[in-house]
Amino acid sequence: MPELPEVEKLRRDLSHQVINKKIACFKVLDPAAARGDQALFLTATQGSYIKWLDRLGRYLLVKLASGYYLFIYLSTTGQLIYETPAAGPTSPLAKSTRIIIEFENGSKILFNDARGYGYFKILDDQQRKRLLVTLGSDATAKTFTYAAFVQLLRNKRTSLQNFLINDQYLSGIGSDYQAKICLEARVAPEKGIKELSQAEIKRLYKAISKVLKKGYK
C-alpha cells in the first residue's frame, strides 16, 4: 500500500503536469470508484481547472476552481497515470482503468486499480475541514517539532509499532515505514510508549524525519 513518501512523490510529480489545466471530461468507468453523488462529480469537475494538489497523510486532495475538492485514496493497488496528448491512435485502456480525467489540451489522468479498493470522493470545504480533524500529525511538516512529538507520546498506552501506524497520531505511516523507522532508531517495535527512554525518543524523532524524507527523494 502506498504510504506517505510514495503519495508525496506522486503529488509532486502530478503537480508539475496538471496545475492550471482545465478539465474537459470526468469519466467514471467503474461507479464503485466514484463514491457519493455521481452527478456531483460532473458538477464539480466539468469546465473547472486544478488549482493545487495537497497530501493528507496517504491521501491526495485536489483543489478545483469550482470550490470543490477531489479526495483520492489509492488503497493497495491504485495508480494515477498521467498521459500526454496522443500524437496518434491511443492504446486500449487497461482492464483496471476505473476513472479518466481528460483535460482540454488532450492530456489525461488514468486511475487504474487492479483490486478495486481505491476511490475518489467529492468534498466541499466543510467536509474537508471535518476530515482534517480526524487525521494525526504530518511528520514531514514544519510544525512537527521535537516538542510536538514528545507531547504526542504523552499518556499513550500502546506499543511503538501501533503508535506509528495509527493515523490519529501520525498520518500516513504504514507497516513498511514503521519497520524502517524502528530499525533506524534502534528501538524494538513492540516496546511500549511508556517504556521509551529520552534517548530513544530523540532517536525516533530523527529517524521518522530521515526515513520519510528519504522515501520520496
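The values are calculated or read from the model by the stated rules, or taken from the named source; none is laboratory data. As the structure is a prediction and not an experimental result, all values here were calculated from the model. Here Cβ is always computed from backbone atoms with ideal geometry, including for glycine, and neighbour counts include all displayed protein chains.
Data for the structure
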read-out: Unmet criterion (only one of (1) of a type in the set (Lys, Arg); (2) out of contact with any Gly (no Cβ under 7 Å at 6 or more places or on another chain); (3) part of a strand (DSSP E or B)) for Arg115; value: (3)
read-out: Which listed residue, of Gly36, Gly57, is touching a residue at least 40 places away in the same chain (Cβ under 8 Å) and in contact with a Ser or Thr (Cβ under 7 Å, 6 or more places away or on another chain); value: Gly57
read-out: Matching entry among Lys129, Lys156 (being modelled with pLDDT of 95 or more and in a loop (DSSP other than H, G, I, E, B)); value: Lys156
read-out: Identity of the residue in the range 137-158, within 15 Å of the chain's Cα centre (by Cα) and crowded, with 16+ Cβ neighbours inside 10 Å, that ends up nearest to Val62 (Cα to Cα); value: Asp138
read-out: Hits in the range 18-45 - residues which are loosely packed, with under 14 Cβ neighbours inside 10 Å, of a type in the set (Gly, Ala, Ser) and either modelled with pLDDT under 95 or part of a strand (DSSP E or B) (or both); value: Ala39
read-out: Qualifying residue in the range 180-200 (condition: touching a residue at least 40 places away in the same chain (Cβ under 8 Å) and in a loop (DSSP other than H, G, I, E, B)); value: yes
read-out: Residue tally, condition outside any loop (DSSP other than H, G, I, E, B), under 22 Å from Lys191 (Cα atoms) and of a type outside the set (A, V, I, L, M), over the range 132-153; value: 4
read-out: Residue that is modelled with the lowest pLDDT [pool: residues in the range 46-63 that are buried (at least 18 other Cβ atoms within 10 Å of the Cβ) and of a type in the set (A, V, I, L, M, F, W, C)]; value: Leu56
read-out: Number of the exception - Gln161 against (1) over 23 Å from Leu70 (Cα atoms); (2) surrounded by fewer than 17 Cβ atoms within 10 Å (Cβ to Cβ); value: (2)
read-out: Hits in the range 166-179 - residues which are out of contact with any strand residue (DSSP E or B) (no Cβ under 8 Å at 6 or more places or on another chain), crowded, with 18+ Cβ neighbours inside 10 Å and either assigned to a loop (DSSP other than H, G, I, E, B) or modelled with pLDDT under 95 (or both); value: Ile173
read-out: Residue within the range 82-93 that is of a type in the set (D, E, K, R), within 18 Å of the chain's Cα centre (by Cα), outside any loop (DSSP other than H, G, I, E, B) and farther than 30 Å from Glu200 by Cβ present; value: no
read-out: The listed residue being touching a helix residue (DSSP H, G or I) at 6+ places or on another chain (Cβ under 7 Å) and either more than 21 Å from Asp54 (Cα to Cα) or assigned by TED's automatic domain parsing to the domain that holds Lys63 (or both), out of Leu170, Leu212, Leu153; value: Leu153
